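Each remark here refers to the structure printed beneath this line.
The values are calculated or read from the model by the stated rules, or taken from the named source; none is laboratory data. The shown structure was predicted, so the numbers you read here are calculated from the model rather than taken from an experiment. We place every Cβ from the backbone using ideal geometry, glycine too, and count neighbours over all the protein chains shown. Ligands, DNA and RNA are excluded from the accessible area calculation, which covers all protein heavy atoms including side chains. Shrake-Rupley method; radii C 1.70, N 1.55, O 1.52, S 1.80 Å.
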Amino acid sequence: MFGIFFFLRSALPFIYQFTAGAIAGVSEILCFYPLDVVKTRVQLDTGKSDGMVTVLRKIVAEEGFGRLYRGLAAPLMLEAPKRAVKFAANDFWGKTYMNLAGETKMTQSLSIATGMTAGATESFVVVPFELVKIRLQDKKSTYKGPLDVVKTIIRKDGALGLYAGLEATFWR
């Protein structure tokens with residue numbers, strides 16, 4: 001089965017791989033976003049968490065079902081650029097490392113280095129979107145929407161403020 005995946009992956013043109021990845025990513029976001037909201041709430045509510053199910057019930061009862069999808073625009077807008085950067089970075093770093101090592105085929109160690117570097121590259125795209133999403137998911141959030149979050153961060157912390165959490169994301 002694993003061999004079939006690699007055959008299909010290399011046989012399909014980039015645009016098909018990209019489209020399939022984007023569709024899978026958007027589907028995942030739509031299905032699991034409420035759990036991400038609950039997880040974020042539990043993490044922000046330090047020391048007094050009631051557990052995932054109780055927090056989920058409280059959100060729906062006190063704030064309405066729609067609150068489980070507040071901030072959804074940021075991850076949806078992120079999905080296509082994230083996939084594009086991931087595929088492009090993986091291709092770029094793979095070729096770069098193979099050239100540096102004088103290899104004609106990808107080895108396991110080159111594959112690990114490629115994946116780590118591509119993931120680090122992807123972090124630069126992901127962090128601003130995740131920051132906006134988390135700010136909107138906070139129960140105490142008073143932001144009007146994603147653009148309000150961006151404007152407020154830039155006004156208070158400058159453009160680099162959009163990269164708060166970059167190091168943690170980089171190492172993840």
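For Leu44, the requirement of being surrounded by 16 or more Cβ atoms within 10 Å (Cβ to Cβ) and within 24 Å of Leu131 (Cβ to Cβ) is not met. Here Leu35 passes the criteria (1) under 21 Å from Arg135 (Cβ atoms); (2) at pLDDT below 75; (3) not aromatic (Phe, Trp, Tyr) except the one numbered (2). Checked across segment 129-142, the condition of being more than 23 Å from Leu30 (Cβ to Cβ) and among the hydrophobic types (A, V, I, L, M, F, W, C) holds for no residue. Of the residues making up segment 17-41, just one is open to solvent by less than 40 Å² (accessible area, probe 1.4 Å), free of Cβ contacts under 8 Å to residues at least 40 places away in the same chain and hydrophobic (A, V, I, L, M, F, W, C), namely Val38. Name every residue in segment 85-130 that is touching an Asp or Glu at 6+ places or on another chain (Cβ under 7 Å), within 30 Å of Arg70 (Cα to Cα) and either open to solvent by less than 60 Å² (accessible area, probe 1.4 Å) or of a type in the set (A, V, I, L, M, F, W, C) (or both), in order of residue number. Of everything in segment 85-130, just one residue is touching an Asp or Glu at 6+ places or on another chain (Cβ under 7 Å), within 30 Å of Arg70 (Cα to Cα) and either open to solvent by less than 60 Å² (accessible area, probe 1.4 Å) or of a type in the set (A, V, I, L, M, F, W, C) (or both), namely Val85. Out of Lys58, Lys105, I need the residue that is modelled with pLDDT of 90 or more, out of contact with any strand residue (DSSP E or B) (no Cβ under 7 Å at 6 or more places or on another chain), basic (Lys, Arg) and farther than 24 Å from Val132 by Cα. Which one? From the options Lys58, Lys105, the qualifying one is Lys105. Within segment 47-68, does at least one residue satisfy the condition of being in a helix (DSSP H, G or I), aromatic (Phe, Trp, Tyr) and surrounded by 13 or more Cβ atoms within 10 Å (Cβ to Cβ)? Checked against the condition, which is being in a helix (DSSP H, G or I), aromatic (Phe, Trp, Tyr) and surrounded by 13 or more Cβ atoms within 10 Å (Cβ to Cβ), segment 47-68 yields no hits at all. Per this entry, Arg70 is counted among residues that are touching a residue at least 40 places away in the same chain (Cβ under 8 Å) and closer than 21 Å to Phe32 by Cα.
For segment 131-162, which residues satisfy the criterion of being in contact with a Pro (Cβ under 8 Å, 6 or more places away or on another chain) and either touching a residue at least 40 places away in the same chain (Cβ under 8 Å) or open to solvent by 50 Å² or more (accessible area, probe 1.4 Å) (or both)? Selection gives Val132, Lys133, Leu136. Flag set for Leu78, criterion: touching a Phe, Trp or Tyr at 6+ places or on another chain (Cβ under 7 Å), surrounded by 18 or more Cβ atoms within 10 Å (Cβ to Cβ), touching a residue at least 24 places away in the same chain (Cβ under 8 Å) and aliphatic (A, V, I, L, M).
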